[in-house]
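This report concerns only the one structure given below.
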Amino acid sequence: MSELTWHPIYNIGIHEIDLQHKTLFAMCNNLFTLIDQGAEQHKVEELISDFLGYLTYHNSFEEKLMKVFEYPNLKTHLIEHHAFVAKIRDLLKPHDDSFNFEASAQQRVLESLTEHISGDDLELGSFLAKHIPENVNPRSFVFSEQR
């Protein structure tokens, strides 16, 4: 299975989000390694669940920033987030014998993640860079929002 490699083109310019994206890449690679090693299905499903948990956290982080700064493409970005989560959740559903889990996992995770980052998230990064001062951590906006 292909390994997901981080390239500078994936940097969206918001350090905290770039770190989160790198974590998602590492989790994907762990998943691909487990699959390649023929790990038991429950271990693979556990890692997919962990990935979903972190993806949900990451999406929530981005979504809070988009709301705080009134991102004009919020609705479209939310739809993309929900679609990506649904693709990954679908991997945990029972499938018939003709379902190729390895190919499906690779396609759904690898393609969806890289396409989203290099498209929608780059656009979001450009927008946020205009609104978040360089010396300010975006976490301060996200966590002050929760109070």
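The values are calculated or read from the model by the stated rules, or taken from the named source; none is laboratory data. Just so it is clear, the model here is predicted, and its values are computed rather than measured.
Which of the residues spanning region 67-81 are assigned to a loop (DSSP other than H, G, I, E, B) and of a type in the set (D, E, K, R)? The answer is GLU70, and nothing else. Would you point out which residue out of LEU34, LEU74, LEU52, LEU78 is within 17 Å of the chain's Cα centre (by Cα) and over 17 Å from LEU124 (Cα atoms)? Only one candidate qualifies: LEU52. Would you be able to say whether some residue in region 82-103 is over 27 Å from VAL44 (Cα atoms), part of a helix (DSSP H, G or I), modelled with pLDDT under 95 and aliphatic (A, V, I, L, M)? Within region 82-103, none of the residues are over 27 Å from VAL44 (Cα atoms), part of a helix (DSSP H, G or I), modelled with pLDDT under 95 and aliphatic (A, V, I, L, M). The single condition among (1) assigned to a loop (DSSP other than H, G, I, E, B); (2) on the phi < 0 side of the Ramachandran plot that PHE32 does not meet is (1).
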